[in-house]
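The block underneath contains the structure these notes are about, expressed in structure tokens.
Any read-out appearing in this document is the output of simple, stated calculations on the displayed coordinates, not a laboratory observation. The structure displayed is predicted, hence computed values, not measured ones. With ideal geometry, Cβ positions are generated from the backbone for all residues, glycine too; neighbour counts draw on all protein chains shown.
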Amino acid sequence: MPTPKTARTRRALAALTAALLTITALLLAGATPARAATTPIYSGTGWKAETAAGIYSLSPDPYTVVFADTTARTKLAGYFTVPAEQLATAGIQLTVSTTIDTTTATCPTRHRIVVHYTYRPSGTPGMSQARPCHDTDRSAWGGHLLMDTEYWTSDTWFSTNASVNETYRKNAVTHEIGHILGLDHPNYDRDKDGTVEPYECVVSNAGWTPVLCSPNGGYRSTTGAGKFLTAYDLAGLKQLLANYYLRQT
């Protein structure tokens, strides 16, 4: 004749059942990131890969900033220090050299970023331009980065406040670096009016938009000027670097 379960036995069985359910939930939760980690990702909050330019990943090999002429080097070299240091923290190697590269090729030597100081490179007032290239494996190759001279020849191009004006210049240079390394504008229809508009990007709690936001974004503080937003642009570049390996599998 079966013996009735005691209260202690019932409590032990309940505890065992709860433990098994917890273990199962943990195993299922762990399986999801593992699957996601094996798949390249091309967009996220505040960032978007520049797939329209053929770039789907970022190589772990070093990239080097060079200059089209001595004027570009004198005017712009200092603007690459902050983003280069920040990229290094994400495992992305960007070296700022003093090299002059006068190549006229559409795509320069692999992993070279040729910087130009040019009046209205796109033909539109106040618009700088990045001309990224991609490798055969669809990783960022390098390219030409053309900064509009108007930002510097006019002391009040962005603002009558000199400090604010310089902040915008720094962000503009970093914006174009982001394009060369594989980031597109992350604008989207945030207000859901059916149109993706200028400055329509995700906004941080502090009020900042991604530095890649079109036509311009980034930190508006002197301490943040020239930096990629960590949660947006930098997160995207880290993912593009991860994509390099994920696309090999």
### Task
Note the angle between two axes, namely the Cα long axis of helix 162-180 and the longest principal axis of the Cα atoms of the chain, as a number of degrees from 0 to 90, rounded to the nearest 10.
70
### Query
In nm, to one decimal, how far is the Tyr188 label point from the Thr156 one, both placed 7 Å along Cα→Cβ?
3.9
#### Entry: Segments 169-176, 242-249, 91-98 sorted - mean Cβ within 10 Å per residue, highest first
169-176, 91-98, 242-249
### Cα centroid of region 182-197 to Cα centroid of region 228-249, whole Å
20
### Query
Does region 98-174 come out rounded, prolate or oblate by the C-alpha gyration tensor, with a ≥ b ≥ c the root eigenvalues, rounded set by a/c under 1.5 and, if not, prolate when a/b is larger than b/c and oblate if not?
prolate
### Query
Under a point spin-label approximation (7 Å from Cα along Cα-to-Cβ), what is the Thr230-Glu197 distance to one decimal in nm?
3.2
### Query
Say the cut-off is 21 Å between C-alpha atoms; which of Lys75/Lys238; Lys170/Lys192; Lys75/Lys170 go over it?
Lys75/Lys238; Lys170/Lys192
### Query
So what is the relative contact order for region 175-225, in percent, with contacts set as C-alpha pairs under 8 Å and at least six apart?
30
### Query
Stretch Asp61-Thr249 to full length: gain in nm at 0.36 nm per residue minus the Cα-Cα span?
65.8 nm
### Message
So for region 45-246, averaging the separation of alpha carbon pairs under 8 Å that are six or more residues apart and normalising by length, what relative contact order in percent results?
### Response
26
### Descending semi-axes in Å of region 45-246, equivalent ellipsoid built from Cα gyration tensor
23, 22, 16
